[in-house]
1. If you check every pair at least six apart or on different chains, which have Cβ atoms under 6 Å apart with a residue in region 117-129 that is under 16 Å from L60 (Cβ atoms) first and a residue that is not in a strand (DSSP E or B) second?
2. Do we have any residue at all in region 82-97 that's of a type in the set (K, R), under 19 Å from D44 (Cα atoms) and either open to solvent by less than 30 Å² (accessible area, probe 1.4 Å) or at pLDDT below 95 (or both)?
3. Could you pull out the residue among R124, R142 that is over 10 Å from the mean Cα position of the chain (by Cα) and open to solvent by 50 Å² or more (accessible area, probe 1.4 Å)?
Amino acid sequence: VLGRGRHQIYRRAIPVPPAEHRYLLTATSRPAPHSWHKSTRVTDVWSFRSRSGQRHVPILLPTYVAPTTIANDARAGLTSYRLSFSSGSGRTARISRAHVFLSTNGGRRWYQAETTRLSPHSFRVHYRVPAPHGAARYLSVRAVGRDVHGKRVEETAIRAYGLL
């Protein structure tokens, strides 16, 4: 469904039982070329509930762009950028919780960035980009959001940015 450019789960596309159920949808991309050193693995996990009579269930989509060089490298030091959530339906509910986590070891250990609310569906993310050291040459990012109706998204980008 997402591969065809849709951002909602339609009953006609995916049969959904008439009773209320909780679903988990996972999408993973792994670019094949060995020359790709950044953003080599991105996984999105959506959690949502269907209700009887519902024609479609919109999913939450995170949007964020960290300040980087044209080569997608992040400079060491303080950084800040906007994190927003939307849905394919255009009716995004208030986001009750949002978190951003960072890793310099390919996702084995994560630390939490600071987030401050800007609006019902957007936040400002603040953290210190570390300088490259030892094996730590890349920054991985995980953005998590939950709306007031219980829909949740977790997007993880391993080796999203190079460290300068």
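The values are calculated or read from the model by the stated rules, or taken from the named source; none is laboratory data. Remember, it's a predicted structure, so these values are computed and weren't measured experimentally. With ideal geometry, Cβ positions are generated from the backbone for all residues, glycine too; neighbour counts draw on all protein chains shown. These area figures cover heavy atoms from the full protein model, side chains too; ligands, DNA and RNA do not enter into them. Shrake-Rupley method; radii C 1.70, N 1.55, O 1.52, S 1.80 Å.
1. Once the first residue is under 16 Å from L60 (Cβ atoms) and sits in region 117-129, its partners that are not in a strand (DSSP E or B) give P120/R94; H121/T92.
2. No: zero hits.
3. R124
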